Structures are given as structure tokens and as C-alpha cells.
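Please read the structure below before turning to the comments.
The values are calculated or read from the model by the stated rules, or taken from the named source; none is laboratory data. Quick caveat, the model's predicted, so the values are computed rather than measured. Please note: Cβ atoms are built from the backbone with ideal geometry, for glycine as well, and neighbour counts cover all protein chains shown. Side chains included, ligands, DNA and RNA excluded: accessible areas come from the protein's heavy atoms. Shrake-Rupley method; radii C 1.70, N 1.55, O 1.52, S 1.80 Å.
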Amino acid sequence: MTSYKTIKDVAVITIENPPVNALSLAVREGILDGLSRASKDDTVCAIVIIGGGRTFPAGADISEFANGKAFTKPLPQIIEKIESTQKPIVCAIHGTAFGGGLEVALGCHYRIASTRSKVGLPEVNLGILPGAGGTQRLPRLIGVWLAAEMICSGKPIEAVDADAKGILDDLVEISSLESVQTEYDKLLDAAITLALRVKNHSLEGKRVSQLKVEPVSDFFYEQLALQISKNARGMNAPLQALKAVKASAMFPFKEGMQREQQILGRLFVSSQAKALQHIFFAERQTMKIPGIDMKKGVPIKFVGVIGAGMMGSGIAINFIKKGIPVVLIDAEQEFLDRGVKAIEDYFKGRVKKGKTTRFLADRSLGYLRPSLHYEDLSNVDLVIEAVFENLDVKKSVLKHLDEICKPQTILCTNTSTLDIDQIASATNRPDRVIGTHFFSPANVMRLMENVAGSKTSERTIASVMQISKTISKIPVLVGNCFGFIGNRMLFPYNNQANALLQEGAFPHDVDKVLYDFGFPMGLFQMSDLAGNDIGLHIRKAQGIVDPSQRDPNERYVSTTADKLCEMKRFGVKSSKGWYSYAKGSRKGRPDKEVMDLIVENSKAEGFVRRNISAKEIEERCLYALINEGFKCLEEGMAYKPGDIDIIWIYGYGFPPQKGGPMHYADAVGLKKIYDSILQYGKADPKTSAWKPSKLLEQLASSGKKLAKYWTKKLKAQSNL
Ligand SMILES: CCCCCCC[C@H](O)CC(=O)SCCNC(=O)CCNC(=O)[C@H](O)C(C)(C)COP(=O)([O-])OP(=O)([O-])OC[C@H]1O[C@@H](n2cnc3c(N)ncnc32)[C@H](O)[C@@H]1OP(=O)([O-])[O-]
Ligand SMILES: NC(=O)c1ccc[n+]([C@@H]2O[C@H](COP(=O)([O-])OP(=O)(O)OC[C@H]3O[C@@H](n4cnc5c(N)ncnc54)[C@H](O)[C@@H]3O)[C@@H](O)[C@H]2O)c1
């Protein structure tokens, strides 16, 4: 896990724990061993600590938090040992020196970094704080203001910025074209040169823990706490981290460290830390699917996008930003021009905001080729259609593509609801047809539901999952069912919100509960933002708007939603929907007209309105959502509970500190949820969403947790 060598009388401790050199127990032991050897060897005049491969450690080994290994030879002790070593220690940073990695660097006496590297303390994103002295050393090095900002936001910074802030002693210029090996060689060279230069220098002023912290006024802490409460609403760790930073300015180092460790201890066992660490791993597990070998994917070097509308133009941006050429097709010149303009405007905006340069923006735009002719797609490796949501239109587009594209081309559909198998049946290559469900805005939202049809091949799945990663998306493979996973689960959740209106609640009551739970906005606000006509369109396609076509045994909850559309209350775009909006504003106000309509409809539909508690609103919306998640798992439409959590966090704003709906279900207790579902179902027998999932029933009665049960199940499958 570490190696040791000497170069020109400098001991070099190299951390070798790929892929990110996490500071596992074996690494910590290796560092201790290296320090001891170097201290004892009289020929060694200085020490360099460097990461092997592509990076300096990206942090403590997160998997050791759950199994308790983090407490054996804990990192704070190792860093204390580094700092107190009598020979100068130079830390050489490339890649990402994050969390414990940066804390190790802060324990070293000198720090140099490649200009390509990044440093940061992202622990708050995992529900904890920099717990190896980061909250005490960083303020001593760069001052409370800058340190608090970095620690409480968790955002990494570029090496050049870190140098300007005073974190680094020197930078090693590395161009973007140089290989990681060249970067490593140059960095090591510079580190040894620096080590030899300072070998006889006193370490006075080089041990960061001995530096003084300039106190700042309480006003600063209050302002930052306010900002944190707004930007990281509902998250505990950033505010607790701020307390630890404050301690650095109030107490000597040793006492500050005690405060840091006390706060860390509390955060470590918090439900938020568990949830956020679950999300960290779940996000990285989406590519691991039983029976799919991701290495079987074929490289995608040339892409076609059909439909230059809102989704098509956003989808095209993802590829050209990564230098993958795109032919963008539309049926009409006017719509093609509009799509191209939207793409150009996007890049102009980025240049204006300083997020890219004119040169890079032009280079990306150079990869875009607008066209009205399908024939220009004859050579692409993959095509994504984003034309109107109509089965016949999509089938005819895919049939045409099947005739024009080379036989290996993968044909993707961005449908939100339609059956992938039916769309694939229009082609002679159903094995190469797959759903790629982007979320709007497609160039911003990181989630992609990739939908496998019954005939989609392993190669097609692997290719699409890989290209999704290449364009920086978080791909989740899902099964082919109505609404896939995200929208399918949205239906019962939304259904309960509307049912609550019939029984006594108003939109702002429901939305407040969901906002307080941690969603960025409630369901009615979301519906107003997306456009209430979308829901109506779906209900019409389901044939449930016309009372004569409805199943009399299923409760209909959308009378008010339907009437809102009749009244042209489509939402923000028409300045009125569930709420009313001042022109140009997205902040809605409760509207008497809507409230009267809700009361009138309740009466007409035979409900006696009652006060509904926040607890009931929360339970009904969330438990209906969770029950559907269980059904997706038992039907094999979702492969892992964590996949569902990722979809809901990245696609629908489920609060990450609660870990996603399936993690949250385990935290609440499956028996409690199951019993409540039975109770709500008894009171409302005409809502099929209350029919409990078999899987939920089985786990609730056996007292098992979903996460454990599923991990065991997947293990058993992979051993078959
Ligand atoms: C007394 C108590 C003592 C406690 C002291 C606390 C000390 C400290 O303050 C706490 C920390 O450092 S907290 C940590 C603070 N640091 C952070 O929060 C940084 C977390 N890491 C990242 O942000 C990203 O991984 C990078 C940007 C580093 C690389 O991105 P990329 O190139 O897209 O790569 P990728 O796909 O993301 O990962 C590749 C593989 O590495 C795995 N893995 C990664 N980091 C890991 C870790 N720390 N650990 C374990 N594993 C880690 C990852 O799961 C994946 O595994 P798989 O099996 O192949 O799926
Ligand atoms: N809008 C969303 O929020 C969203 C989210 C996820 C998925 N989707 C799905 O993405 C698809 C597109 O949605 P949108 O909102 O971008 O629609 P849109 O109406 O903005 O764009 C559709 C474009 O397709 C073009 N088009 C229609 N038929 C064509 C054909 N035969 N050949 C070439 N071009 C053709 C139209 O001219 C138009 O420019 C739909 O299937 C939709 O369900 C939409």
C-alpha cells in the first residue's frame, strides 16, 4: 500500500492504493513505517510523500467508517507523527488531494502541487467534517474566513487558487497535454529539489499546528451560518464544521482538536452521515449490474440527434462539450435553426459567466453539424431520437433510421413513457434499440435512465452506460415499464398529493410539508413549473380524463387538476396554475380562485373536508412513493435499491441527507411503513397504490432491512 525508496538522500514514501489512494489502515501503517525508517536512517536528510498513479490520496477510506477500521491507528495520530518528524517533509500533490489527503498535506512541512491538481475538504458532503485536524490546521494556515468557506461548502479548488490562498509553497507547471506519468515524474523531481534545498532549514513556523489564528468577529460566523442554512438546507454537517472552525480561533491547537473530535464523533453516527455515504457508494454502483459486462461496450465516436427541440438541443450539448461530433436533425428548417440558436446561446452564456473560454466554446460548436437530411446519419455510431412523444412518430423515425444507419449503429429513444419494445419492433435490430431517458434540462441534469427493452443486448447496454459516463451523466439502468422508475414512482406520490386536496388540504399545505421534509419544492409548485398540461396530456393518454372511460373501482383524484387546465391555469408559463404568479416571477402565492375550486370539487365528489395533519400528508405522499419503489424492485424493473435512490435524488430533488426513498424506508422501519400502508388502504380501498408490495410485506414480517437483504441477494446471484 506504500513503497519506500531513497533518491539523492531523500526518502520517498509513495502511497499506492489505487484507484484514489484512499488512506486505508494499510496505507496509514505504511506511512508510519516509512517515517520510522527515514527517521532512523542517518543518510536520509528529508522526506517526500507522494501518491502513486494518478493522484495524491482523495481522502480517508470511506468504507472504513462503517466497519470501524478508521479508529485503528487513526489518521489524526498519523498526521501528528508526520508533523512532529524532525526531518523536513515535502508533500507532492497531483490529482485530487481531498479530505484526509489534504489533511496529510497540512501535516507536512512543505506542500507543492501540479497546476493540474485540485485540493479540497469535501467531508461535509459525506455528513461529517474534516476530522484529522483539517478544521484546526487550515484556519491556522490561511485564516478563518477562507478556511471556513472551503470546509463548510466542501467545494474543491484548483491548485492555482490554493496557491493564491496560501495553502501551497510552490506550483509545478504541467500542461493539459502531458501524461499522468510525466506529471508524476516532474512533480517528484521538483519535490526532491525542494527537499534538498530545505534539508538544513529550521522547521520553526513550518508546523501548521503551531501557527496562530487571527480571531474574526461573531458577525462573520453568523453571516456564514445564515448562508449555509440557505445553501445546504437541512444538512447538519456544514454548521457543525463551522463550530469546529470557530474552535480553532478560540482555543489552543490541542483543545481545538478535542472539539473537532467531539463533533466528528457525533456526526459519525448520525443518520445524515449514513445516508450521504450510502449515496456516495450508490452513485458509483450504478454501473455494476449483475450479468452485464461493461467492458463489452463499443466506443461511440460519432452521434446523431433527431429533433432539435428542447430535449434534442440539450442532449447535443452534452456530446459536443466532450468533443464528440453530433449531426443534429430536425424535420423543419425553422425548428432546426431554433435548436442551433439555443445551443449557441448556451455556449455564449458560459463564456459570459467565465465558465469557459471563447476558444473552447467555438471548438465545441465546431463539433455540431445541423442538417435536415437523415442520410447524414449513415455513419454515426449511435442516434438518439427526441421527436414528439407519439408512438407512431417514433416508430416511423426508428424505421427510417434502421434503413439508413450502418448495421452496428445503436438506436436510442428519449421517450418519457412509451414502450421501448414497441418502438424497437419498427426495426430489424431490436437488440440495438434502447431508451436513453434524459431529464430536462438535458445539458444540466446529470441523471439518465437507460431503459433496456426485452431484446436489448448486453453490448448495447454496456455501450450506452459507458457513453453516458463519458458525457458526465449518472446512468441508471432500468426496466421497460410505464414511466420507467422515476416517473412511475411519481404517479402514486402525486396521486396522494391530489387525494389530500379532495379530503381537506390545500396545495400550500402539501407543498410546505414536502419542502420541510427537504425537497427543494412541493409537488404543486413543481407541477406549475413543468406545466400542468403535461399531467393532463398523460392522463388523456391513459384514457382517464373522460369519466365514462374510467375504471369505477379506481379513485380519480385529478378533477381539480383537469379543471385548472380548462381554465388555462397551466402554471408559471401562464402566470397562474395551482398558485398565482407575478409576471416573470416563479414564486407562487396561494390563490383564492383555486382554493374555492378545490372546496367546490370536494363537495361535488362527496368528501367532507377535514384538517389533515402534517404527519399524515408526509406519510401518505412518501409511503405511496416507497411502496411503488418496492414494486419496481420485486418486478425486476430496478436492479438495486440504491439505483432508485440515485434516480430520486438526482432526478426529483429527494433530500440527499435522507439517502433516497429506499434508504429512508429502511431508516423509518419497514414494518411501520407496511402497517401504515395497510391502514391508509383500509380507509381508501379504491386507491390501488395502497396495495402493498409483496417484497415490502415479506421484509416487514421478517424484520429484515431492504439494503442488507438485497446485498445478500445480489451476492448469491453473482455466485451462481
Ligand atoms: C478517529 C476518526 C478518524 C476519521 C478521520 C477522518 C478523516 C477525513 O477528514 C475524512 C475523509 O477524508 S472522508 C473522504 C473525503 N474525500 C472524498 O469525499 C473524496 C471522494 N472521492 C471523490 O470525490 C472521487 O472519487 C474522486 C474525485 C477522487 C475521483 O473521481 P473518479 O475518478 O470519478 O472516481 P470514482 O468513480 O469516484 O472512484 C473510483 C473508485 O474509488 C472509490 N473511492 C473514491 N474515493 C474513495 C474514498 N475516499 N474511500 C474509499 N473509496 C473511495 C469509489 O468508490 C470507486 O470505487 P469502485 O469500486 O471503483 O466503484
Ligand atoms: N420536455 C421534457 O421535460 C422531457 C423530459 C424527458 C423526455 N422528454 C421526451 O423528449 C422528447 C422530445 O421532447 P421535447 O420537449 O424536446 O419536444 P419538442 O417539441 O421541444 O421538440 C421536438 C422536436 O422534434 C422535431 N421533430 C418532430 N418530428 C420529427 C421527425 N420526424 N424528424 C425530425 N424532427 C422531428 C420537431 O420539429 C421539434 O423540433 C419527447 O419524447 C419527450 O417525451 C421530454
Partners for Lys587 among lysines (Cα-Cα distance below 27 Å; same-chain residues under 8 apart left out): Lys230, Lys352, Lys353, Lys512, Lys563, Lys568, Lys573, Lys576, Lys615, Lys658
Name the longest site-free stretch of the chain, where the excluded sites are GluC sites (Glu not before Pro) in a DSSP loop with no more than 11 other beta-carbon atoms within 10 Å. 333-720
How high is the relative contact order of the range 11-92, in percent, with contacts defined as C-alpha pairs under 8 Å that are six or more residues apart? 43
Can you pull a Stokes-Einstein diffusion coefficient for the range 300-480 at 20 °C (1.002 mPa s), Rh from Kirkwood over Cα pairs, as a whole number of µm²/s? 134
Contour minus Cα-Cα span, Tyr4 to Gln698, at 0.36 nm per residue, comes to 244.5 nm
What's the extension gain from Leu211 to Asn231 if we count 0.36 nm per residue and subtract their Cα-Cα distance? 4.1 nm
Considering only protein heavy atoms, what per residue accessible area in square angstrom results for the chain with a 1.4 angstrom probe? 45
May I ask you to list the trypsin sites (Lys or Arg not before Pro) in the range 1-103 that are in a DSSP loop and have at most 14 other Cβ atoms within 10 Å of their Cβ? Lys8
Computed from the beta carbon distance with a Förster radius of 22 Å, FRET efficiency for Ala164 and Thr357 to the nearest 0.05 stands at 0.65
For the charge dipole of the chain, defined by +1 on Lys and Arg C-beta atoms and -1 on Asp and Glu C-beta atoms about the Cα centroid, which residue among Met294, Ile49, Ser574 has the Cα displaced farthest towards the positive pole? Ile49
Mind giving me the nanometre distance, one decimal, between the label points for Lys243 and Val599, set 7 Å out from Cα along Cα→Cβ? 4.6
Protein accessible area in the range 2-269, 1.4 Å probe - carbon and sulfur %: 53
For the chain, longest principal axis from Cα atoms; helix 75-84 axis from its Cα atoms; angle between them, nearest 10 degrees, is 30
Using alpha-carbon coordinates, inclination of helix 253-268 to the longest axis of the chain, degrees: 30
Charges only on Cβ, +1 for Lys and Arg, -1 for Asp and Glu: so what's the dipole of the chain about the Cα centre, in debye to the nearest 20? 920
Report the antiparallel proportion of the DSSP beta bridges in the chain as a percent, rounded to a multiple of 5. 30
Carbon/sulfur accessible area of the range 300-480, % of total, 1.4 Å probe, equals 52
Computed over the chain: longest principal axis from alpha-carbon atoms vs helix 271-285 long axis, angle to nearest 10 degrees, is 80
Largest first and to the nearest Å, give the Cα extent of the range 2-269 along each principal axis. 52, 39, 36
Between Trp145 and Met294, with labels modelled 7 Å along Cα→Cβ, what's the label distance in nm to one decimal, could you check? 4.3
